[in-house]
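A short write-up of the structure that comes next.
What follows is calculated from the coordinates using simple rules that are stated; it is not laboratory data. Here the structure is a predicted model, which is why all the values come from computation and not from measurement. Backbone-built Cβ (ideal geometry, glycine too); neighbour counts: all protein chains shown.
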Amino acid sequence: MCGAPWLDVAEFFRKRGYSAIHGLFDTKNYYVPHTRTRGYLIAVDEKNSDKPEEWLDLIKDMRRPASVTLEDFLLDPDDPRVHEARQKLIRDEMVADKRNEWTACENRHARERFNLEVGRGRPLTKWQEEGKCTLPDFAWSDWGNSQVDRVCDL
């Protein structure tokens, strides 16, 4: 985590006789095809050791930015395999809908809300797709907040 208190954690270890250092690394600089910054801390049970700094230098020396773009790995939009894959996704979703009772129920629910013209809003609970739910003041909030999304939606 980038927001972690790395300096405080390193100091915590130093006060206990360790040599400690932290570093932040973005995965895209290490030939990993996505961007995520990660923090790492190394602590060695040895006072005034150079090993943590050596580790940090070693990791920094391993940087290798990508030499090609993501687009170089993608198929052209008119490639027949793209069309086939899209068709397969549609077929798989149709099969999954038949197998997945909750999905079918959810679809019926959405269709009925549309037919009744009540919209997508949930004015009582203010429930959102991400599962955030604000129950009314008179509700048992501890119970409500522990429920799965479909219960809040209901």
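Farthest towards the positive end of the charge dipole of the stretch 6-61, among the residues Ser49, Phe25, Thr35, is the Cα of Thr35, using unit charges on the Cβ of Lys, Arg, Asp and Glu. When peptides 8-20, 50-62, 77-89 are sorted by average Cβ neighbour count within 10 Å, with the highest value leading, the order is 8-20, 50-62, 77-89.
Looking at the square roots a ≥ b ≥ c of the eigenvalues of the Cα gyration tensor of the stretch 12-74, which shape do they give, rounded for a/c under 1.5, prolate if a/b is larger than b/c, or oblate? Since a/c reaches 1.5 and a/b is larger than b/c, the shape of the stretch 12-74 is classed as prolate. Residues whose amide H lies under 5 Å from that of Ser49, counting only those 5 or more places away or on a different chain, are Ser19; hydrogens are built 1.01 Å from N in the peptide plane. Rounded to the nearest Hz, the phi-derived 3J(HN,Hα) couplings of the stretch 41-46 under the Karplus curve 6.51 cos²θ - 1.76 cosθ + 1.60 (θ = phi - 60°) are 10, 10, 10, 10, 6, 6, where x marks glycine and proline. Peptides 104-113, 40-49, ordered by how many other C-beta atoms sit within 10 Å of their residues on average, highest first, read 40-49, 104-113.
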